[in-house]
1. Determine whether segment 851-863 contains at least one residue that is at negative phi, crowded, with 20+ Cβ neighbours inside 10 Å and among the acidic types (Asp, Glu).
2. With respect to the numbered conditions (1) of a type outside the set (D, E, K, R); (2) modelled with pLDDT under 85; (3) within 13 Å of Val554 (Cα to Cα), which one is the sole condition not fulfilled by Gly438?
3. Across segment 558-586, which residue is surrounded by the fewest Cβ atoms within 10 Å (Cβ to Cβ) among those that are out of contact with any helix residue (DSSP H, G or I) (no Cβ under 9 Å at 6 or more places or on another chain), in contact (Cβ under 8 Å) with a residue 12 or more places away in the chain and not in a loop (DSSP other than H, G, I, E, B)?
4. Quick one: is Tyr872 under 23 Å from Arg192 (Cα atoms) and either assigned to a helix (DSSP H, G or I) or touching a helix residue (DSSP H, G or I) at 6+ places or on another chain (Cβ under 6 Å) (or both)?
5. If you take just the helices (runs of 4 or more DSSP H) that sit entirely in segment 43-147, which of them hold at least 2 residues that are more than 30 Å from Val337 (Cβ to Cβ) and touching a helix residue (DSSP H, G or I) at 6+ places or on another chain (Cβ under 9 Å)?
6. Within segment 482-522, track down each residue that is assigned to a strand (DSSP E or B), over 44 Å from the mean Cα position of the chain (by Cα) and either surrounded by 12 or more Cβ atoms within 10 Å (Cβ to Cβ) or of a type in the set (A, V, I, L, M, F, W, C) (or both).
7. Can you tell me which condition Trp161 does not meet? The list is (1) assigned to a helix (DSSP H, G or I); (2) touching a Pro at 6+ places or on another chain (Cβ under 9 Å), and all the others hold.
8. Considering only residues that are small (Gly, Ala, Ser) and closer than 24 Å to His796 by Cα, look in segment 819-860 and name the one that is nearest to the chain's Cα centre (by Cα).
Amino acid sequence: MRLLVKNIRYPLSFFLFLGLLVWVLRVMPIENKHRVIPEFVLGERIDYNRDIRPIVNNKCIACHGGVKKSGGFSLLFEDEALAVNESGERAIVPGNVWKSELIKRIKHEDPEYRMPLESDPLTEEEIELFTKWINQGATWDDHWAYKAPLPQEVPSAGSGWAINDIDRFVVQKLEEKNLRPNPLSDTYSLIRRLSLDLTGLPPTLEAVQSFSEDRSADAYERLVDRLLASPAYGERWAAMWMDLARYADSKGYEADRPRKIWKYRDWLIRAFNDNMPYDRFITEQLAGDLLPNPTDENYIATAFHRNTMNNDEGGTDNEEFRVAAVLDRVNTTWTVVQGTTMECVQCHSHPYDPIRHEDYYRSLAFFNQTADADIPSEAPLLVEFKSEEDQQKLQKIQTWVKDVSSANQGPAADYFTQLIRLGEPKLHPHYFEQMDRGIPVRGTATFKVDPKIHSITRQLPFSGEDRMMFKVRVEGEAGAIRFRLDSLQGREVAAWDVRAKTKTRFDESRKKQVSYSVSEVLSIPLESLQGTHDLYLVWEGLDGKESTCIFEWVMLHHSLPGKDRAGYKEMEQTFYELSNSEKEKETTPVMVSLPEQYRRETRIFEKGAWMVPGEPVSAGVPAIWNPFDEGYSQDRLGFSEWLFSPDNPLTARVMVNRLWEQLFGRGLVSSLEDFGSQGFAPTHPELLDWLALRFSRDLNWDIKRLLKEIVLSATYRQSSHFKNPQEDLDPLNEWLSRGPRLRLTAEQVRDQALAVSGLLSDKMYGPSVMPEQPEGIWQVVYSGDQWRTSKGEDKHRRSLYTFWRRTSPYPSIIAFDAPSREFCLPKRIATNTPLQALVTLNDPVYLEAAEAMGRNVLANATSDDERLALLYSRATGRGISEEKLSDLQVLLEQSRAYFDTQPEAVCQLVGEEDKELAVYTVVANAVMNLDEFLMKS
């Protein structure tokens, strides 16, 4: 202290002393990273996320990350970055740049040693940032999205303009950017924007007129409430979710055969209309079958993950494509609910985010215990009997079981109901290994009469079942099935004499009735067994008679209770009649969890290859998020509960961001699918966190209430008018300085054309329909499936009901950027191509809508000016200007002159000799191609 005081008297000596002190502080070894150089010496504090992570991700992580660890050094995880690498040195020594090999290598003058190798060296500024960061203790930090949202204080900005708290966050950001918000939109634009956003449909002229004349203070809020209560609301938001759920009416891959899964779409529409809370909405889709006493609706919700593709092509490995479906479920769940790109972690640790390779397979373990497999039947299927006779039989069985069962006497009624309606757990052919003359062939149970051919189901767990049910098809003469235990000559535990079951049909090519074999569900007594055994299946045909036996599945089950009761044989017969019923029924692929004895072991796939299993793993989640502790069950239901933990950093943020993007065209985080370090940072981080906490805590995951708050804001109600392009500081509307101006979605473009022309059907729910499409688009291999245009109002139903074939989706919707839905699509990319104009000008749907619009105005107005004004108003929801009326008058006269000289074109266009209808069809077609018709602005 005396030395310091003495030096203060001599300024030059003091500064020399201070310089020496700084030098000492810089070079002295500091092994403890908490002993850092004071900020007054090193200057501004370096922030890892802001200053260091971008350099690491852009210039270092390719060689030192989750994919590659050159020199044994990785910057992906803090513990690995601070560890000793292969050279024996530590790349980063917190607080000591002189012992940090990283600093030496990025400053090295020799290109053979300087990092990054074979790339441009870091800039002086970047080297200085690394130097300061290490000297300050090399403090690591989690990416912003992996930290739970924090409560935010609502700003006081926006006085006089803000309507609710959302606006105050937005205005504060606008002021930071030297921007001003737009004034509120006019009533005509606002009702159209709101109607399209909440229901996907334009408002009627009557609704526009009523709203424009309503001067009450709550007129807009009442409009919002009416639209949220509209049945069309559920259809609009279900259409959005169907992209995420990769909904399709076909299985995908080469054969792409039809799939009946429309009941899931119906469930979606009802869930949105009923305003199912978001936590329940996700839980039912991920694990509805695991809820206590699941209902049919709970099961149907799980079809969310049965929308995966199924490969029916001959010769494919069922297990390979079952695994592919499970991988897709993992990727889809993390993308949809967590905004995380998990796909790459299948093969290696995440390239940019701290997610380890094994974390992928811990996630996969949640989805690996379901009964579905890559088989043509798509079992398990939830069966709904449509005939009254079958419904009575089911009721009869349920009543019987309830009457004779007790807590200590066998399975309850639900067991047998599910046995009939779900039919699980089945053993499908891929569980079998067929021995053909000593050569094992996996995945088949097809027998011909040959003592050298048999099939084995290895390590089959038995738990006291006393019946065996199986579905079999026999071709040729009769035979017998023998089930033997543990060896080909082992103890026979069941047997059944089988005769071929045949039907007849008329063969068009041969012009006569022909017989063919059909499958039959059989049930036989089984010796009650415990433990694990190999089960041998042997088919014995009649001597000298050629025959074949093809197994579709085998199932062990408990027999109906009450064997000592009168009427048992009749009830047993009813049970198997119902299993073989060929009366009308609806089936939906659903998720069903495997019983404990059939559970699979989940292993890491080395480099992502399913045929190279590595170490086993248990269900879990990456360590960077809230812990998955013993409070959660290790199944899909426990995983869903973890997703909605108050500590989960992503679930609420991701859904809030998705809803925001649907309304504004751009999320607060513009990369909807990637909230990781390579995704875009939020433009309004405080608003995002405030909305996330409001959604999850204050609104209890209520989607309608959240949407209402957003659309009530002045931010949403702004005019979308562009400022002077030369002066516009917000060209992409990142900072929300104006209202949204966006092209309508593919479905909305078509639905709006049908709506304004009066053709749109309001029929809801049910199987998919086939509206008009050009001939020859469906070239279906393997089957005679054809596109058969629906009749009546079905061909004018909303677009979400259109049959969606993955290899050949509805062409006019694809032209407007809809996906094939082979995989989950978090966000459609909007394009603007000449093909789109050709569709709306020439597609039969749009021409029919234009003709209907022409008929409408001809019937409801007399003069040309009135007709043109009415046509324009119906299309756009507002009155026509003098300038536009003049333009339409010119088009009208040109069209008349054309049809005067080309009279044959009238009938070609409208199918009848009505020149005025043809003229107004052309004008309507032009109006329905205006920018203001195809855009939401």
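1. For segment 851-863, residues at negative phi, crowded, with 20+ Cβ neighbours inside 10 Å and among the acidic types (Asp, Glu): present.
2. Here Gly438 meets the rest and fails (3).
3. So, considering only residues that are out of contact with any helix residue (DSSP H, G or I) (no Cβ under 9 Å at 6 or more places or on another chain), in contact (Cβ under 8 Å) with a residue 12 or more places away in the chain and not in a loop (DSSP other than H, G, I, E, B), the one surrounded by the fewest Cβ atoms within 10 Å (Cβ to Cβ) is Tyr576.
4. Details: under 23 Å from Arg192 (Cα atoms): yes; either assigned to a helix (DSSP H, G or I) or touching a helix residue (DSSP H, G or I) at 6+ places or on another chain (Cβ under 6 Å) (or both): yes.
Judged against the criteria, Tyr872 is a match.
5. Working: elements: 78-81, 101-107, 124-135.
Per the criteria, 101-107, 124-135.
6. Going through segment 482-522, the residues assigned to a strand (DSSP E or B) turn out to be 482-485, 492-498, 502-507, 512-517, 520-522.
Add one more test, that the residue is over 44 Å from the mean Cα position of the chain (by Cα), and what stays is 482, 484-485, 492-498, 512-515.
Within segment 482-522, Arg482, Arg484, Leu485, Glu492, Val493, Ala494, Ala495, Trp496, Val498, Val514 meet the criteria.
7. Just one mismatch for Trp161, condition (1).
8. The selected residue is Ser820.
The values are calculated or read from the model by the stated rules, or taken from the named source; none is laboratory data. Since the model is a prediction, treat every value here as computed from it, not as a measurement. Glycine also receives a Cβ, built like all others from the backbone with ideal geometry; neighbour counts cover every protein chain displayed.
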